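Notes for the one structure printed next.
Just so it is clear, none of the values below were taken in a lab; they were calculated from the coordinates. Keep in mind the model is a prediction, meaning the values are calculated, not measured. A quick note on method: Cβ atoms are made from the backbone with ideal geometry, for glycine too, and the neighbour counts reach across all protein chains shown.
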Amino acid sequence: MRSLAQHWAIFRESRIGIAGLVVIVCFGVFGMMWPLMFRNVWDPNVYHPVVGFDPTMMHPAAPCRGHLLGTDPIGRDILAQLMFSTGREFLLGVLSAMISVVVGTFIGAMAAYYGGFTDAFFMRLADIVMLFPFVPLLVVVGSLVRLDMFSFAIILGFLEAFGGITIILKAQALQVKVRPYIDAAKVAGGDDLHIIRSHIIPNVLPLSFLYMMFNVTAAILSEATLSFFGVLNIDMSWGMMIHTAETAGYLFDYGRYWWLWLPSGLAITLFCAAFYMVGRGLDEVVNPRLRKR
Amino acid sequence: MRRYVLGRVGQLVITLFIYIALVYFLLQAMPGDISMIYLQNPRIPQAAREELKKQLGLDQPPIVQFLSYIRNFFTGNLGVSFSQYPRPVWDILLERLPRTLVLFITANALSFYVGFMLGRVIAWRRGATVDHAATVVGIAFWTAFYPLLSLILIWLFAYTLKWLPLNQFIEPSLWVYAPWPSNTVFGYMVFGIAVISIAVFAILWSLGRGQRKTGRKIGLAWALSAGVFAAGLGVAASAGMLVYMWDIVRHMVLPVVTLTLINFAGTMLLMRDSMLETVEEDYVMAARAKGLPDAVVRDRYAARNALLPTVTSLVLSLAASMSGGLVTETMFSWPGLGQVLFRSALANDYPLATGALVFTGIFLLIAHFVADMLYAALDPRISYGGEPVAEG
Amino acid sequence: MDALLKVENFTMHYRTTAGHVKAVDDVTFSLARGQSLGLVGESGCGKTSIAMSIMRLLPYNSEIKSGRVFLGGQDVYSMREEDFRKLRWKEVAMIFQAAMNALNPVYTVGSQITEVILEHEPAASERDARERVAELFCTVGIPEERMDHYPHEYSGGMKQRAVIAMALACSPSLIIADEPTTALDVIVQDKILREMEEIRRKTDMSMIYISHDISVIAEVSDVVGVMYAGKLVEIGPADDIFKRPRHPYTYGLMNAYPSILGEKRDLATIPGEPPNLVFPPEGCRFHPRCDWATDECGTVEPPARYVGPNHSVACYNPFPAPSSGGDRIGVATA
Ligand SMILES: Nc1ncnc2c1ncn2[C@@H]1O[C@H](COP(=O)(O)OP(=O)(O)O)[C@@H](O)[C@H]1O
Ligand SMILES: [Mg+2]
């Protein structure tokens, strides 16, 4: 196995991966500016992302000095909303991706290691889960129980975990399983859990990490879509911003009220693309044949 | 072969059963007793409630309810929608399904084709400007927020350039005096296109069989295909349906383009990665050594083999592309399954939502099956469950 | 003599992140029509690189530093790629190192052979091509009806034969066989080699056999070339080389492999490993492993010298001819 420094050296070669990383860092800085701005610069009554209101003008107001990206139909500052939501998107994406990958890695490793019934069970389960059209399903579920961001992240994480990711990680774990040192560890009397934890999982980890990036993308897109349809119990997110514009009827006056949907839409796309690009960069680390020559 | 197909069909039925059960119990397990929400909805007349309750067997234990749901399901009884009370769910879904079907198949076939072609080119010219450009553009579309992309396309092509209609399935003013309902025209249209496709496919297949491709054969194939297409158009025109069909086609363009843009990059990037692996295979080097033209080495050797894992992933991505399709339908007010699903979910129309969800699942299962068969047809190493041919 | 293939002072490097791999260094040899050349050397010494240079199929990171390759009198590297493509397989065909993977898994074996016939012989019809494949299958000993089977339905030995049939498809003047039998078991290896040699003699083709195993080469080559670390250290008539190896490395190789006749013999492997070709040793590249190296060997590269008719060796202290004393050989085995 290569060391972390070596992984990084390979990753650095990938221009796409680095570009993605830079964008993510920019979003990170952007998100961290929120508490600073809110506490020190902005008037909380005006710039609160959910209950703020600027009484000095008509809304939605086009971008101007006080509101660099304008205001939404009920008088809230778009830039403040955008900033405030960034942190939450990070939280949602990373949490759900973490769950899916940790659970997926563990199941994949177990299925590969034990084989037999465990394997068959989880693989058939994955087949079925993969058939689930998540977004429509969650729309139906969400319309019945209004999910908040946290439970949404958890549900999404588990749905992803039992699906395709298990199959991919299991295939990887299988390749590790047949290597001689696993047998050596067994002969040396290592118990199953120990072998899985200290031999199989570390070898699957780079691939897991890769899928984590892709799952962040999936999670953010799902959240945005569901928020857009207004079935989540979330007071503010990038998807909610577009939802607000839509329900207030401004979305279909396309060009005129662009600041209502373009900044948040672009933020979603850019954020997702960035994680996806990092994933592709990692792909080159994991998969030597893709490497730049 | 037969055993392989039968085995897959068997799996299909079992999976379908489990899927229905999961959807059913998932919705049952939701807090706030759906059946009560359902029955207390003010839109249902008081008198209908008691009868509905009995009809749905809501007074019985869940497992009995489930069994009767399954039985009803297979007899085509999915209950009654209450947002469109008293229209049966089955009726609504049957009306919507073909539209989603056509949208989904067209967009997926198109995006797979585009993705395959582009992936092939950029893998072959790895590291060139076109490779970087296509990768970046592809990722941008692949991770685009669907509603945003739809909005931008509508804004550009319908609102600003006015090339295409804004949304929906048809232009109502045109259809006021139409002698047929839109669904009839649509049905004929789908049927006609299916016939034409099969004919063209047969022509290409029968003329493309040999290894020697002469210019004459290719010309003949093109001419015959064009002839078949013209004949189809002629038939439609003489029946007077052509204007109406054209209207539907015009309405389809934007949703199809959006879905294609969203989906093609997945195939393209996979194809690229997969082909970067096959180009290193010995048989590709052997093909070069054989002095075959570059295009033949690329298409028949590198790309043909790279196609296999790409099709596998296509199978895995069907569900995601279905989700994207449903969202896109809603954005374009395309009256298909997706729109029904979202509207019914938001209106707490529980039988309709369940029905739509189940239908989506069935639809995906079948797509899954078709893709599997396609894969088996593409890869001669799949032994259809029989013994491999004896070793020599 | 009519030289079919001439390689003149050919030097080729691979660019890698670690530096330039000096895979082929100043290699010169020629091959007459109807002759067979055996190229031996430990793995990684540049044999495949030479084969690929002749085929003009070098990878993207290769760099030809100097030298030329003539095939049938034409300078390979001054031709247009499209023109040379048309010569491939018609003039020079190849049997690949990993024959198992040289067949495209998604097409039938027969169609992969007819494909190349149709490509290079515009006059041939599909029927002609199939008939030719049937004959070829007969020649290499595969049942004709196997034509329409896929590669995965073939056994290893059959794939090997199919690949040989494919190489014969356009009756090339030269076939390069890169480790044609390495993946097979010894008995099949031997059989296939003998068959190949028989076909070669009948058709009067030229052949380059490449192997890391000198005993494989022994039986079938007219001329033997020995490569070490990118250099052709010795080349000469096969009889000569086997009776009187001149280069210490050749001698070491002969002791390192059992003869195919199966004589029991202790294998004396050459101690040490081939050098890293990014930084090959100064002077003679073999000197760090050579028991007879002198100071001179470590400083200046030994030039190739003729030690007999058509027999040249690049060594300052080549083994003398047997008449003048075999005692040094005795030292070596002691
Ligand atoms: N594409 C390549 N890039 C870099 N180095 C290579 C490449 N191909 C071969 N080499 C190196 O060149 C040397 C000669 O390789 P090769 O010609 O394959 O030897 P042989 O066929 O005798 O085993 C080896 O050290 C090998 O590692
Ligand atoms: Mg080699």
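Worth pointing out:
- One chain, two ends: B:Phe17 and B:Phe201. Fully extended at 0.36 nm per residue, the span grows by 62.8 nm beyond their Cα-Cα distance.
- Compared with the dominant principal axis of the Cα atoms in chain B, helix B:182-207 is inclined by about 20°.
- At R0 = 25 Å, FRET efficiency that the Cβ-Cβ distance of B:Asn77 and B:Val9 yields, to 0.05: 0.55
- Alpha carbon centroid spacing (whole Å) that separates segment A:266-281 from segment C:151-207: 52
- Sequence-separation-based contact order of chain B, relative, with Cα cut under 8 Å and 6+ spacing, percent: 30
- Working from label points 7 Å from Cα in the Cα-to-Cβ sense, the B:Gln60 to C:Thr299 distance is 10.4 nm.
- Paramagnetic reach from A:Asp183 in segment A:86-114 [backbone N under 19 Å; point 7 Å along Cα→Cβ]: A:112-114
- Once both labels are positioned 7 Å from their Cα atoms along Cα-to-Cβ, the gap between B:Ala237 and B:Val130 label points is 3.7 nm.
- Gain upon complete extension [A:Asp191, A:Thr118; 0.36 nm per residue less C-alpha separation]: 24.5 nm
- Most fluctuating residue given options B:Ala371, B:Ala194, B:Ala21, as computed from a GNM of chain B linking Cα atoms under 10 Å: B:Ala194
- Distance between modelled label sites at C:Lys65 and B:Asn167, nm, 7 Å Cα→Cβ extension: 6.8
- Across segment B:94-346, counting alpha-carbon atoms alone, Rg and Dmax equal 20.8, 66 Å.
- Separation of segment C:1-72 from segment B:111-155 is 42 Å, based on Cα centroids.
- Only lysine pairs 8 or more places apart or on separate chains count here, and in chain C those with Cα atoms under 21 Å apart total 17.
- The distance separating the Cα centre of segment A:141-194 from that of segment B:183-198 comes to 46 Å.
- The fraction of Cα-Cα pairs per 10 angstrom bin, counted from 0 for segment C:5-75, comes to 19, 54, 24, 4, 0 percent, rounded to whole percents.
- Fluctuation leader among B:Thr330, B:Thr100, B:Thr75 - chain B, Gaussian network, Cα springs under 10 angstrom: B:Thr75
- Seen against the Cα atoms of chain B and their longest principal axis, helix B:46-55 is set at about 60 degrees.
- If you plug the beta carbon distance of C:Glu219 and A:Val22 into 1/(1 + (r/R0)^6) with R0 = 56 Å, you get a FRET efficiency near 0.35.
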